[in-house]
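One structure is given below, encoded as structure tokens.
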Amino acid sequence: MTPFAWLIGLLLPACAASGANGLPAPALMDMTHLQRPASPNTALAAPAGTQPAADIATPPFAVSAEKLYQAVRAMAAAQPRTFLAAEFAANHQVHFVARSAVLNFPDLITAQVNAAGPDSSTLVLYSRSVYGYGDFGVNRKRLIAWLAALQTTINHPVER
């Protein structure tokens, strides 16, 4: 943690924590009834036609829901300063905390995978800031980067 993060942590306690610590444990979310705040510090990536309207349309994926879920977990784990916060594997939902490099600000990211058939699935990603009214587009940029990384993960799986 940087000295700036420690100092900010005196006012914003979650900034003084590491990983997913310092924040309440996320609960299972109903991604079909999201209530987005009026503030411009969130981003939503979801299939076209989703309500509320998505900022980024996610494509259908030609893999099973389980395979997409595992790919999302692997991709997120490979992102810098991103930590697993909670997992609801039976529901194909996972929550992460991503922290900014200098001030250690936490952002919350929820991923929900839904089966669309035996070998097809859809993805909803919801990224939001814990602190602040605006986010300088960070949440949207994160979702774009995650979707690009996910395409790479799915198209070039790591052999084990």
Which of the following residues is in contact with a Pro (Cβ under 9 Å, 6 or more places away or on another chain) and farther than 25 Å from Thr152 by Cβ: Ala86, Ala38?
Ala86
Considering only the stretch 68-83, I want to know if a residue exists there that is within 15 Å of Ala14 (Cα to Cα) and either buried (at least 20 other Cβ atoms within 10 Å of the Cβ) or not hydrophobic (A, V, I, L, M, F, W, C) (or both).
yes
For Ser64, the lone unmet condition from (1) farther than 19 Å from Pro26 by Cα; (2) loosely packed, with under 14 Cβ neighbours inside 10 Å is (2)
Among the numbered criteria (1) of a type in the set (S, T, N, Q); (2) closer than 19 Å to Thr153 by Cβ; (3) free of Cβ contacts under 8 Å to residues at least 60 places away in the same chain, which single criterion is violated by Thr32?
(2)
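Since every read-out is calculated from the coordinates, none of them should be taken as a lab result. Please read these numbers as outputs of a predicted model, since none were measured by experiment. Positions of Cβ are backbone-derived with ideal geometry, glycine not excepted, and every protein chain shown enters the neighbour counts.
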